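Notes for the one structure printed next.
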Amino acid sequence: MTRLQALFGGTFDPVHYGHLKPVETLAELVGLTRAILMPNNVPPHRPQPEASAAQRRTMLELAIRDKPLFTVDDRELRRDTPSWTSQTLQEWREEQGPDAPLAFIIGQDSLLTFHTWHRYDTILDHAHLLVCRRPGYPSIMPDPEKQAWLERHLTHDPQDLHTLPAGKIYLAQTPWYAISSTQIREQLARHQSCADLLPEAVQDYIIQQGLYR
Ligand code: ATP
């Protein structure tokens, strides 16, 4: 049987423990042996990351040095156009074949706005959604129609994520981490330490590169 694989997309400006630790628990909960961190190419009309694509990628590599669960996939950074998650997942599905169990990891905040994503309805055709808890965000969807959509796809059985190739949503009971990249950028701009918010090697790199000043 093919192993479940999961992509975790984000801006990672910078990567922090709120990204890494919930996914480590998620992996234990669902039997995931590989989580692929995928930094995104931010569309020009959106606020641009402060770190360059190369710096965001380097920070991810430093963050996962001693964590064999993770790898980095820079496919979206290698494109010269901003990429949609729906398009990336379609390409990944074509690469992996129709039967491989594939998943996309998001935080609860992203689930609540999922319906605003480009062609969101096609995402579940190609992958499962694995949702990590995030403090400060409601656990129910913003309206009954979206809640009904969630419940249609919901599974409580991690085995479904291995036996079906796509189409399920799993709300993982991961620990809450009240950390955001925004908070880290603001703290660093005030010259405050972020030692408990992100891996030491990432903080050292940020200082060495003079980022987020
Ligand atoms: P920013 O503050 O710049 O908006 P962020 O901290 O939200 O950044 P992103 O790189 O935008 O980080 O997030 C990538 C993914 O990680 C999203 O799916 C988001 O929901 C999830 N995520 C980020 N921080 C947390 C957290 N503390 N707990 C759970 N999920 C998180």
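Laboratory data are not the source of any read-out in this text; all were calculated from the coordinates shown. Note that the structure is a prediction, hence the values are computed from the model and not measured. So basically every Cβ, Gly included, is an ideal-geometry build from the backbone, and we count neighbours across all protein chains shown.
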- Message: Between 0 and 90 degrees, rounded to the nearest ten: what's the tilt of helix 144-153 against the longest Cα principal axis of the chain?
- Response: 70
- Note on the structure: For residue 168, counting only aspartates and glutamates whose alpha-carbon sits under 16 Å away and dropping same-chain residues fewer than eight positions off, the answer is 99, 121, 125, 151, 157, 160
- Item | Net lengthening on full extension, residue 25/residue 189 (0.36 nm per residue, minus Cα-Cα) | 56.0 nm
- Task: Could you please state, rounded to a whole Å, how far the C-alpha centre of region 10-47 is from the C-alpha centre of region 126-144?
- Result: 15
- Message: I need the shape label for region 29-140. Rule: rounded when a/c is under 1.5, else prolate if a/b > b/c, else oblate, with a, b, c from the alpha carbon gyration tensor.
- Response: rounded
- Task: Starting from the Cα of residue 65, move 7 Å in the Cα-to-Cβ direction to define the label point; list residues of region 172-204 whose amide nitrogen is under 19 Å from there.
- Result: 194-204
- Item | Hull-based mean projected area of the chain, where the convex hull spans the alpha carbons, in square nanometres | 11.7
- Could you state the angle between the C-alpha long axis of helix 85-96 and the longest principal axis of the C-alpha atoms of the chain, as a value from 0 to 90 degrees rounded to the nearest 10? 70
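Quick check: residue separation of residue 99 and residue 58 times 0.36 nm, minus the Cα distance between them. What number comes out in nm?
11.5 nm
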- Message: For the ranges 202-208, 92-98, 58-64, what's the packing order if you count other beta-carbon atoms within 10 Å of each residue, average per peptide, and put the highest first?
- Response: 58-64, 202-208, 92-98
- Message: If you fit an axis through the alpha-carbon atoms of helix 200-209 and take the longest principal axis of the Cα set of the chain, what angle between them do you get, 0 to 90°, nearest 10?
- Response: 50
- Task: Throw me the Rg/Rh for region 37-82, computed over C-alpha atoms with Kirkwood Rh, two decimals.
- Result: 1.00
